[in-house]
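See below for the structure under consideration.
The values are calculated or read from the model by the stated rules, or taken from the named source; none is laboratory data. Only a predicted model underlies this, so the values are computations on that prediction, with no experimental measurement involved. For neighbour counting, all protein chains shown are included, and Cβ atoms are generated from backbone atoms with ideal geometry for every residue, glycine included. In case anyone asks, the SASA skips ligands and DNA or RNA and just uses the protein heavy atoms, side chains included. Shrake-Rupley method; radii C 1.70, N 1.55, O 1.52, S 1.80 Å.
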Amino acid sequence: MFDWANRVIGWQDPDYRVSAAFDPSGATELGRAAHALRPTPGPDALMPDPRSREGMPDLYAYAHALGTLRREQPGEDVMSILMAQRDDSGGSVSVEEFENLFWLFAVAGNETTRNGMPGGLIGLLGAPEAQRALRSDPTLVPGAVEEMLRWWTPVMTFRRTATREVELSGVQVQAGDKVVVSFASANRDPEVFPDPDIFDIGRANARRHLAFGAGPHVCLGAFLARSMMTTMFTRLLDRTSWVQAAGEPAWLQSNFQRGVKRLPIAWQR
Ligand code: HEM
């Protein structure tokens, strides 16, 4: 999962696009069979495009095997529940649909929070008064997480295709035009968030951020992400008496994810 998410989200990054941390010797049969299909970098040292089926044969093989297994031998896990669903006309998720959903969950549910957390911490490391406030009143952590999501915006953009002619802020958009939505820009809109570049955990309307998108495709995992980040920061502050930066972060090379590959910190117990 770690390698798959790195290869897909970090396809522009020299380290992540060839991520190979997985050791198949400790894997399940499914894992070993999928790993055997892992592509290798070409003469240009690049991996095949991971945003295509051809670029991720190991992930799709694993998803196919898992979907088939969970259909035939359902358990209590999320994937079994998904495969057991029947809609009003008795329809169910096909194994092919499952493969694509698996790709989505493996990627959307992993890298995003993994970049949201260090992003949030970078905000805190730059605002000692915020860290002090959270330490004296941990009930402020959920609100701070909203400001972290607004200020950091892990998923910077998404793209849409116009289905019809429309005017947007005085700009004509034709049917078929590609429209890149910048959540990062929206979350720094001074008309909505005064002093938008300031990391302010007391910001009353931080929750208005669009870090999870909006509309019919709003993030399916938003509540899970919020609860993971709230738990992580509550525990971090609970187990330390102070946290400070201990070197420069290493950034993910990407125009999609605002990612952090390494964040050196020092803490006092
Ligand atoms: C901080 C963490 C996260 C951020 C910033 C984030 C952000 C986003 C954004 C911006 C979208 C696209 C919305 C759009 O197209 O307009 C999205 C979609 C989605 N996210 Fe998240 N996400 C996060 C965590 C998660 C987690 C933990 C999961 C869990 C599985 C998840 C699953 C999904 C799925 C399935 C979609 C597609 C929804 C759809 O197309 O209907 N995300 N997310």
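To the nearest 10 square angstrom, how much accessible area does I81 have with a 1.4 angstrom probe?
90
For segment 1-93, which whole percent of the accessible surface, found with a 1.4 angstrom probe, sits on carbon and sulfur atoms?
On the way: 3090 of 5380 Å².
C and S fraction of accessible area: 58 percent.
Any idea how far apart C219 and N255 come out in nm if each label point goes 7 Å out from Cα toward Cβ?
Output for this residue pair reads 2.3 nm.
Can you figure out the FRET efficiency of V78 with Q172, using R₀ = 51 Å and their beta-carbon distance, to the nearest 0.05? Each step should come with its number before you reach the end.
Numbers: r = 44 Å, r/R0 = 0.86.
E between V78 and Q172, to the nearest 0.05, is 0.70.
Starting from the residue with the highest accessible area, list R269, R32, R203 in decreasing order, probe 1.4 Å. Show your work: numbers first, answer last.
Working: R269 210, R32 110, R203 25 Å².
Result, largest first: R269, R32, R203.
Quick one: Debye curve from the alpha-carbon atoms of the chain only, equal weights, vacuum; give me log10 I(q)/I(0) at q = 0.10 Å⁻¹ to two decimals.
Here the Debye-derived log intensity ratios amount to -0.64.
Using a 1.4 Å probe on the protein heavy atoms only, what accessible surface does S185 show? Give it in Å² to the nearest 10.
Surface accessible to solvent at S185 totals approximately 70 Å².
Per Stokes-Einstein, at 10 °C and 1.306 mPa s, what whole-number D in µm² s⁻¹ belongs to segment 115-269, with the Kirkwood radius over Cα pairs as the hydrodynamic radius? Let's see the in-between values first.
On the way: Rh = 16.8 Å.
So the translational diffusion coefficient is about 94 µm²/s.
Ignoring ligands, DNA and RNA, what percent of the 1.4 Å accessible area of segment 128-211 is carbon and sulfur? Intermediate values should be presented prior to the final figure.
On the way: 2720 of 4890 Å².
Carbon and sulfur atoms account for 56 percent of the accessible area of segment 128-211.
Over the Cα atoms of segment 1-93, what is the Rg over Rh ratio if Rh follows Kirkwood?
Reported Rg/Rh, Kirkwood definition of Rh: 1.06.
Looking only at segment 140-159, which residues have a backbone nitrogen under 14 Å from a spot 7 Å from the Cα of D238 in the C-beta direction?
Only 140-142 fall inside the zone, counting backbone N under 14 Å.
Normalised by the residues of the chain, what does the relative contact order come to in percent, with Cα pairs under 8 Å and at least six apart? Don't skip to the answer; put the middle values down first.
Working: 371 pairs, mean separation 45.9, N = 269.
Computed over the chain, the figure is 17 percent.
At A45 and E129, where each label point lies 7 Å from the Cα along Cα→Cβ, what is the point-to-point distance in nanometres?
If labels sit at A45 and E129, their model points lie 4.6 nm apart.
What net charge do the residues around I265 carry, taking every other residue with its C-beta under 15 Å from that of I265, with Lys and Arg at +1 and Asp and Glu at -1?
Numbers: positive: R235, R239, K261, R262, R269; negative: E248.
Summing Lys/Arg as +1 and Asp/Glu as -1 gives +4.
Rolling a 1.4 angstrom probe over the protein heavy atoms, how many square angstrom per residue are accessible across segment 115-269? Display every interim value, and only then the final one.
Details: 8930 Å² over 155 residues.
Dividing the accessible area of segment 115-269 by its residue count gives 58 Å².
With each pseudo-label sitting 7 Å past Cα toward Cβ, what's the A266-L37 distance in nm, one decimal?
4.9
Using a 1.4 Å probe and counting only protein heavy atoms, arrange E29, E191 so the residue with the most accessible area comes first. Please list the in-between numbers first.
On the way: E29 145, E191 170 Å².
From most exposed to least exposed: E191, E29.
Sum up the charges of everything whose Cβ sits under 14 Å from the Cβ of L236, counting Lys and Arg as +1 and Asp and Glu as -1, but leave L236 out.
+3
State in Å² the accessible area per residue of segment 1-93; use a 1.4 Å probe, count heavy atoms of protein chains only, and round to the nearest integer.
Per residue, segment 1-93 has 58 Å² of solvent-accessible surface.
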